[in-house]
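> One structure coming up, written as structure tokens, with questions to follow.
The values are calculated or read from the model by the stated rules, or taken from the named source; none is laboratory data. Everything quoted here is computed from the prediction, not taken from an experiment. Here the Cβ is made from the backbone with ideal geometry for all residues, glycine too, and neighbour counts use every protein chain on show.
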Amino acid sequence: MALALSSACPPPPLRSSRRGGFRTSCSIFANPAQRAKRKLLELISEEDRGVRTQKDATKRDAIVDAIESMAVIGRSSITTGESLSSTWRLLWTTEKEQLFIIEKAGLFGTTAGDVLQVIDVNKRILNNVITFPPDGVFFVRSDIEIASPQRVNFRFNSAVLRAKNWEIPLPPFGKGWFENVYMDAEIRVAKDIRGDYLIVDRAPYNWTE
């Protein structure tokens, strides 16, 4: 009978009474997706959402290799269904514009908080959001179209810079696509039209305008 693997660590086997008896660890029971995911999250854990990675090509290559491993695992999955609808929080990216804002926000007397993608598949909308606690936010509204089991087309239609007592509308500025090469109940890994990578997790809250 084949051994069933799950995300939970199974109970250890009975130990032998002899010295050096049976031992086990959760890692040997983890399936390939769990191992690859754990490796990826460990690689990005100290990278300040990608800011530090910009200065370390070796680390970037290691992270991209780990992403490609996740893409192989997820290549036959559908990642554009209703489970894509969520408030996703940035863990790591190579997207230079977002990293510039995260890194340089202090020059404007503020700090960057959570960076989000808010997606609603049924309403066909996507908001890219950068928060500046306690009251500031910059967000870009987009229309989306599901193009394939893993690809989403998007078109920006407006942008807003908002503080507590004022708001500045900005013009829309582009379109493109991204592919969710891996997605599960916790994280999503994407690659976009420009070759940039994105790793996000499901935020513990729902962001709304």
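> Looking only at residues that are surrounded by 14 or more Cβ atoms within 10 Å (Cβ to Cβ) and either more than 14 Å from the chain's Cα centre (by Cα) or without any contact (Cβ under 8 Å) to a residue 24 or more places away in the chain (or both) in segment 193-209, which one is nearest to residue 93 (Cα to Cα)?
Looking at the filtered set, the residue picked out is 193.
> Out of segment 66-123, which residues are among the aromatic types (Phe, Trp, Tyr), out of contact with any strand residue (DSSP E or B) (no Cβ under 7 Å at 6 or more places or on another chain) and under 24 Å from residue 40 (Cα atoms)?
Initial filter on segment 66-123 (among the aromatic types (Phe, Trp, Tyr)): 88, 92, 100, 108.
After this cut, where a residue has to be out of contact with any strand residue (DSSP E or B) (no Cβ under 7 Å at 6 or more places or on another chain) as well, the list is 100, 108.
The answer is 100, and nothing else.
> Quick one: what pairs do we get from segment 64-85, first residue more than 14 Å from residue 184 (Cα to Cα), second assigned to a helix (DSSP H, G or I) and at pLDDT 95 or above, C-beta under 6 Å, 6+ apart or different chains?
66/39; 66/40; 66/43; 69/36
> While we're looking at this one, here's another question. Out of 78, 63, I need the residue that is at pLDDT 50 or above, in a loop (DSSP other than H, G, I, E, B) and not hydroxyl-bearing (Ser, Thr, Tyr). Which one? Give the steps one after another, and end with the answer.
Numbers: 63 fails: in a loop (DSSP other than H, G, I, E, B).
Only one candidate passes the filter, namely 78.
> Please pick out the residue among 4, 57 that is surrounded by fewer than 18 Cβ atoms within 10 Å (Cβ to Cβ), aliphatic (A, V, I, L, M) and modelled with pLDDT under 95.
On the way: 57 fails: modelled with pLDDT under 95.
Step by step, each of 4, 57 is checked, and only 4 is surrounded by fewer than 18 Cβ atoms within 10 Å (Cβ to Cβ), aliphatic (A, V, I, L, M) and modelled with pLDDT under 95.
> Let me ask something else about it. Can you pull out the residues in segment 43-53 that are of a type outside the set (A, V, I, L, M) and more than 14 Å from the chain's Cα centre (by Cα)?
Of segment 43-53, the ones of a type outside the set (A, V, I, L, M) are 45-50, 52-53.
Residues satisfying the conditions are 46, 52, 53.
> Can I ask one more? Restricting to segment 88-131, count the residues that are surrounded by 20 or more Cβ atoms within 10 Å (Cβ to Cβ) and among the aromatic types (Phe, Trp, Tyr).
Of the residues in that region, 2 qualify.
> Tell me which residues, restricted to segment 123-137, are in a strand (DSSP E or B) and under 17 Å from residue 178 (Cβ atoms). Let's see the steps before the verdict.
Step one: of segment 123-137, the residues in a strand (DSSP E or B) are 125-132, 136-137.
Correct list: 125, 126, 127, 128, 129.
> Every residue in segment 37-50 that is buried (at least 17 other Cβ atoms within 10 Å of the Cβ), free of Cβ contacts under 8 Å to residues at least 60 places away in the same chain and either of a type in the set (A, V, I, L, M, F, W, C) or farther than 18 Å from residue 115 by Cα (or both), please. Let's see the steps before the verdict.
Of segment 37-50, the ones buried (at least 17 other Cβ atoms within 10 Å of the Cβ) are 37, 40, 43-44, 47, 49-50.
Okay, now just the ones that are also free of Cβ contacts under 8 Å to residues at least 60 places away in the same chain, so 43, 47, 50.
Once the filter is applied, which keeps residues that are buried (at least 17 other Cβ atoms within 10 Å of the Cβ), free of Cβ contacts under 8 Å to residues at least 60 places away in the same chain and either of a type in the set (A, V, I, L, M, F, W, C) or farther than 18 Å from residue 115 by Cα (or both), segment 37-50 yields only 43.
> What's the number of the only condition in (1) farther than 15 Å from residue 89 by Cα; (2) in contact with a helix residue (DSSP H, G or I) (Cβ under 7 Å, 6 or more places away or on another chain); (3) among the hydrophobic types (A, V, I, L, M, F, W, C) that residue 112 fails to meet?
Going through the list (1) farther than 15 Å from residue 89 by Cα; (2) in contact with a helix residue (DSSP H, G or I) (Cβ under 7 Å, 6 or more places away or on another chain); (3) among the hydrophobic types (A, V, I, L, M, F, W, C), residue 112 breaks only (1).
> Something else: Looking at segment 158-177, can you tell me whether even one residue there is under 18 Å from the mean Cα position of the chain (by Cα), within 30 Å of residue 62 (Cα to Cα), touching a residue at least 60 places away in the same chain (Cβ under 8 Å) and in a strand (DSSP E or B)?
no
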